[in-house]
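Report on one structure; see the data block that follows.
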Amino acid sequence: ETNKLYCTSVKCCIFELKAELNSDKKEKKKEAVKKVIASMTVGKDVSALFPDVVNCMQTDNLELKKLVYLYLMNYAKSQPDMAIMAVNTFVKDCEDPNPLIRALAVRTMGCIRVDKITEYLCEPLRKCLKDEDPYVRKTAAVCVAKLHDINAQLVEDQGFLDTLKDLISDSNPMVVANAVAALSEISESHPNCNLLDLNPQSINKLLTALNECTEWGQIFILDCLANYTPRDDRESQSICERVTPRLSHANSAVVLSAVKVLMKFMEMLPKDLDYYGTLLKKLAPPLVTLLSAEPELQYVALRNINLIVQKRPEILKHEMKVFFVKYNDPIYVKLEKLDIMIRLASQANIAQVLAELKEYATEVDVDFVRKAVRAIGRCAIKVEQSAERCVSTLLDLIQTKVNYVVQEAIVVIKDIFRKYPNKYESVIATLCENLDSLDEPEARAAMIWIVGEYAERIDNADELLESFLEGFHDESTQVSETHTHTHLQHVLHKHTQNTPDSDNPDLRDRGYIYWRLLSTDPVAAKEVVLAEKPLISEETDLIEPTLLEELICHIGSLASVYHKPPNAFVEGSRGVQHKRLPARTASGESAESPDAGQSVGGVSDAPPAVIPSQGDLLGDLLNLDLAPPSASVPVVPASMQMGVDLLGGGLDSLVGLHRPSGSQYIAVGLAGGTGGMPAGLGGTPAMGGGLGDLFDLGGGVGMATGSYVPPKAVWLPAMKAKGLEISGTFARRGGGIHMDLSLTNNAMSIMTDFAIQFNRNSFGLAPAGPLQVLTPLAQNQTIDVSLPLNTNGPIMKMEPLNNLQVAVKNNIDVFYFSCQYPISLLFVEDGKMDRQVFLATWKDIPSENETQYQIKDFHLNSDAASTKLQGSNVFTVAKRTVDAQDLLYQSIKLTNGIWALAELRIQSITPNYMLALKCRAPEVSQYICQCYELLLRN
Amino acid sequence: MISQVFILSSQGDHLIYKDCILMHYSQENSLDLYLKLVGITILLSVQCPQRNKNLNFIHVRHSGLYWVVSTKDNPSPFTIIEFLNRLAALTKDYCGSLSEKSVRMNFALIYELLDEMVDYGYIQTTSTDILKNFIQTEAVTSKPFSLFDLSNVGLFGAETQQSKVAPSAAASRPIVASHGEQVRKNEIFVDVVERLSVVIGSNGVLMKADVEGEIRVKCYLPTCSEMRIGLNEEFSIGKSQLRGYGAAVRVDECSFHQAVKLDEFDTYRILKVCPSQGEQTLMQYQLSDELPCAPPFRLFPTVEKDYGSRLLIFLKLRCDLPPKRYLTFVGISQTVARALLLFSLSQELSSPEQSAELQPRSKAVLWTIPRFPGGAQLSAVFKVEVPRLSSASLLEVGPISMSFELPKYTCTGLQVRFLRLSPTQPGLSQRWVRYVTHSDSYTIRI
């Protein structure tokens, strides 16, 4: 009989239901309402029955009443006038002696989103918030949140928020939990008003309620606790101690919310504290337990563990085995596990991991097998000791001849070759056997790369390459690029010629440039194409640290599963606030600065040095990969004639190629520049204003404002540049960076059309304007030019870090040189750190990032040194005198946001300065230390 | 928090749909649109959460039904998955069994449950103790339960200490009696369920063994009375702790339901709990690596290249359990040739009730043994015709994976010594205990 409820035939028409609804019999009425709701569920429009259903509302049968209320919730919005009819019953029901009916009424009326009704509801709601029955109070608490969503102003005017705040101290934990949940939601839409007002007293109340309320209430409370910033490490520890018992809860959501609180508050505990270690140990078992849950939970748990492992690898470093893949895991769980396995791989467990990975490579699922093979490669790169074993494992896999295994193996072997050059070439022969089976672009590109790279060791390399060349036109861009590159590499080795002919203009041009290069100066070309490849990074797919910090604050939420901040996928204002991990504050220090809570927020602002590792093989040749800095600056021989116009049209086409990828080549040509110059380049808009700027030219040159400027050095001798001599220096003036150049014409002819371009460099230095040489440079004339620079250029890590490769062009030729800038050039003016922040940051940077440096035979007192350094934006944060030695604490900020903290120890007895430098990016430390000496001595 | 709750049939029809925060009507069918886009079967194979048009969908699957929640903001997926599992369990408790039919018949009851469980997207409670105060609707069952319906005693039949057997349907009736029912049965069912996963290396060495176990209680007692469950006295937790003499029953990690009182656990290994009506997990435990018993199977595989393009797989399987024990539903599968599409199979099995078939999709041979007594030894020869067989193909023969169910047996040795109710229930109260170990990840590498 009940199946009739779902009947979709014409018989169950509205008319019939109407009659039944108006029946005298209670049972019949009930069945009729049930039928109405069944139709509603399957999506039929039964709104026409609204008045009839509302008529059934006044009944003492609770079951029927609930059904009617269910209907009301769905249709009140579409029938606002009718909904008014229900108001009286609501108001009456809110005073019913039965608490179930009171709660039911208050729950339902909050769901009726009709403006006209809301005003009538305030009085009943106010009463229910103070009801004697906790079931009514907890329902009323949620109702405030509902009402706030409909009419926020009304809720504030009626003072419901204050009543809600009072409910946090309610005797019933369910009421407390709902009040906390409602307040949290309301405060998310009002980020500024501190509704929850978390202070030690209210936190204490919440912690007490935590022990008593239901598991779902515990989640609300824990999530609320996570928003609190403890005053000091002691308070942080005591909260942690009271939250830890939640870790053994059977509900994984409670566990994860507790993990979130602990991960956040741990940040404030000193690492040498015993309790810190205890806490770390306690975090592992609950995370491991999650992995025995059903796959849905396992997946979300693994995504979270992936974050935790990146933040604090020590928690799970001994738990490698639990991440081993099970036969019946779903594929998405397997792939996540694999990812975590690689993150946890270390010398201690690598043998075990490799044995597992090798097994995985024989499974059926193609995606999984590929990732497993890739993982073997990543192990080799991460744990050097294992590289040999990894390579032999990969060779075993290649023996299986399973097509996708072989291809994937070749791709990772290429990476291994890059990481450990000239170590495992013995396997090349085996790789070459599998040439025919390669049909995926990535694998083909990798193989071509290997052949090109080790061309000298492969007897038939040119044959192999020729075979790849046959399919040249059909290849994807990736392969073609590598191919062109490799082919050239090979050609360079063999000194034979071959010009690829392709329809892709980009590729063709590149090939063309190479060919030009080749035909003009094989030496220079060799240096361009065979330039050292950037190192391959050990960890891949690491989440950027600031994002990681934010995600750690969202552990257990969707954000932690998507690995995206909430504002990336939540609409509207909710979740806009970026959450930050608290910085460490010792209990003793907090007394001095009550506002430490706010000020410490800035510490983590400094993004660690993110020098992108070069993913692409080519080192991006299109960006004018100059030869590495060395004595042999590639200068094209002067003997070249117009016929080979690499330098005229050739360079222009090079420049033309640049354009799409954000050219920095800024040229100012005088009217009537060389005819061969393409219009796109010759007609730079800067040209028009050229003369007007003439008088500003010297303005900036040579004006020192205390900042250290090294003396000009000759960067490009005249004999290497057809008579053009360039000397120069770098200076920081008025918050800007300048390159001061002196150009001298030692040649017999006039020089015009100067332009300058930088290669990619470590800090993204790039010309901020054109090179202002507006009058032709006559014989024996010298001109001083100041070139303003910015740091918005493309970034590539250079060796040494402060190396800058420059190309200067004039009407005669293009010249290349490299120079080094003092890193103090990059010290910015707002580099003075707050004392508290300094302290916290100093403690936070691990001691392995500390560099010691000695400055010998130096006799300046601490104040003079401090003033001198301040001139170059090295700021003294604090000074202490201990045992006849002065300690200066100094902070430096680089243009890219890297902070360096220094402790300068000046002893009055010995003339030596001791410098201790801490920086999250230790690779810059050495250069900063050298700068210290330079700055002090000048 | 939760925006919408859906219960979908296996075809994707709405059985239950609740809009918790009352989104606009136009968005009501967001899930339908999504499913139209990807098809209902996609829910089988994808991870959750899934994102579509500003909504996040989280789903679980129970008894062939999809339980889906959509949400707009950034809630905890753990909360939602736990909630959906609880919703499914409660639906089962209240409706007796879980199927498309029972959900359809009891939609009013389920709406009522949902109303009490979620208010404005905030989860309120999932405890039967609290819910029973509010729920008015009676469950509708398709067939009144009868103890005389003993037709399908078997695997799921419970066994008591007195060797009495209850029918498998005994535990599948609603926890709340309908008014029509005359005799209220006060029964309590305790299950000790262990899940075993084992990896045995190609050299026959046990590489990895995990046991995940739990003690589940399904309670039909209407009033709360304290139940005392006595476990083995030599039960110990952690590596260092050892109790009693002889072979201890040891687990690594142990967690309890929050209602369990542990004051007598440390000394006497007694769990005290006032079980709520319905099903709940009292205790969960894990043991890894050090199994107290030998793994139940030994397998001796040989893979050879026969003449021509034939692959010869010889499997000898020995069950090391005592003869009294037996395994049911043993399924053994082995990947044979991944890269090749065409092959055929011929087989020689040691008894007619067994069967073997080639599964083209997973490229594996599946050998099914309905009943496998302890101490017995079975063997099988498979000849697989593989075109273009090379010696490298031997490398492609993948691991052997077994799944089985082992009734009346726990790997850890955990036993329920006694089950007492205090004060003693007036009238008839029956207590049933059963043990089962099952495995779907018992892998032997080649």
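Projecting the alpha carbon convex hull of region A:152-240 along each direction and taking the average yields 5.8 nm².
Shown here for region A:150-244: chymotrypsin sites (Phe, Trp or Tyr not before Pro) in loop regions (DSSP other than H, G, I, E, B) with at most 12 other Cβ atoms within 10 Å, of which there are none.
Here the convex hull built on the C-alpha positions of region B:260-330 has a volume of 212 cubic angstrom per residue. From the square roots a ≥ b ≥ c of the eigenvalues of the alpha-carbon gyration tensor of region A:805-883, which class results: rounded (a/c under 1.5), prolate (a/b over b/c), or oblate? The shape class here is prolate.
When all alpha-carbon pairs of region A:131-182 are counted, what percent fall beyond 14 Å? The answer is 44 percent, as a whole percent. Sketch the reach of a paramagnetic label on B:R371 as a point 7 Å from Cα along Cα-to-Cβ, and name the residues of region B:397-412 whose backbone nitrogen lies under 20 Å away. Hits in region B:397-412 for B:R371 at 20 Å: B:403-410.
When the convex hull of the Cα atoms of region A:1-127 is projected onto a plane and the area is averaged over all directions, what value comes out in nm²? Average of the hull's projected areas for region A:1-127 equals 7.6 nm². Convex hull volume of the C-alpha atoms in region A:346-410, normalised per residue: 65 Å³. Mean projected area of the convex hull spanned by the Cα atoms of region A:732-780, taken over all viewing directions: 4.6 nm². For region A:329-423, a crude dipole built from +1 on the beta carbon of Lys and Arg and -1 on the beta carbon of Asp and Glu, taken about the Cα centre, is about 400 debye to the nearest 20. As a proxy for reagent exposure, ranking A:I845, A:I305, B:I215 by other Cβ atoms within 10 Å from fewest up yields A:I845, B:I215, A:I305. Reported value for region A:191-258: 89 Å³ per residue, from the convex hull of its C-alpha atoms. Computed over region A:225-281, the P(r) tail beyond 19 angstrom holds 22 percent of alpha carbon pairs. When the Kirkwood radius is taken over all Cα pairs of region A:202-323, what Stokes-Einstein diffusion coefficient follows at 20 °C and 1.002 mPa s, in µm²/s? Calculated translational D: 145 µm²/s. Going by neighbour counts of Cβ atoms within 10 Å, the residues B:K208, A:K856 line up, fewest first, as A:K856, B:K208. For region A:110-198, trypsin sites (Lys or Arg not before Pro) are listed when DSSP marks them as loop and at most 15 other Cβ atoms sit within 10 Å of their Cβ; the list is A:K130. Its Kirkwood hydrodynamic radius, worked out from the mean inverse distance over all distinct Cα pairs, puts region A:85-236 at 15.9 Å.
My understanding is that a pair violates if its Cα-Cα distance is over 27 Å; which of A:K92/A:K146; A:K77/A:K564; A:K127/B:K72; A:K116/A:K138; A:K77/A:K260; A:K326/B:K18 do that in this structure? From the list (A:K92/A:K146; A:K77/A:K564; A:K127/B:K72; A:K116/A:K138; A:K77/A:K260; A:K326/B:K18), the Cα-Cα distance tops 27 Å for A:K77/A:K564; A:K127/B:K72; A:K77/A:K260; A:K326/B:K18. Across region A:706-746, the mean sequence separation of Cα contacts (distance under 8 Å, 6 or more residues apart), normalised by length, yields a relative contact order of 36 percent. Shape descriptor for region A:808-938: Rg over Rh equals 1.07 (Cα atoms; Rh from the Kirkwood inverse mean 1/r).
Could you rank the peptides A:251-258, A:366-373, A:898-905 by their average count of other C-beta atoms within 10 Å per residue, with the highest value first? Before the final figure, lay out each step's value.
Values: A:251-258: 26.6, A:366-373: 19.9, A:898-905: 22.5.
Averaged packing, sorted descending, gives the order A:251-258, A:898-905, A:366-373.
Residues B:W367, B:W432 in ascending order of nearby Cβ atoms (within 10 Å, fewest first): B:W432, B:W367.
For region A:300-391, the square roots of the Cα gyration tensor eigenvalues, ordered a ≥ b ≥ c, give a/c of at least 1.5 with a/b no greater than b/c, which places it in the oblate category.
Every number here is computed from the coordinates shown, using simple stated rules; none is lab data. These numbers come from a predicted model, not from an experiment. Note: ideal-geometry Cβ built from the backbone for every residue, glycine included; neighbour counts use all protein chains shown.
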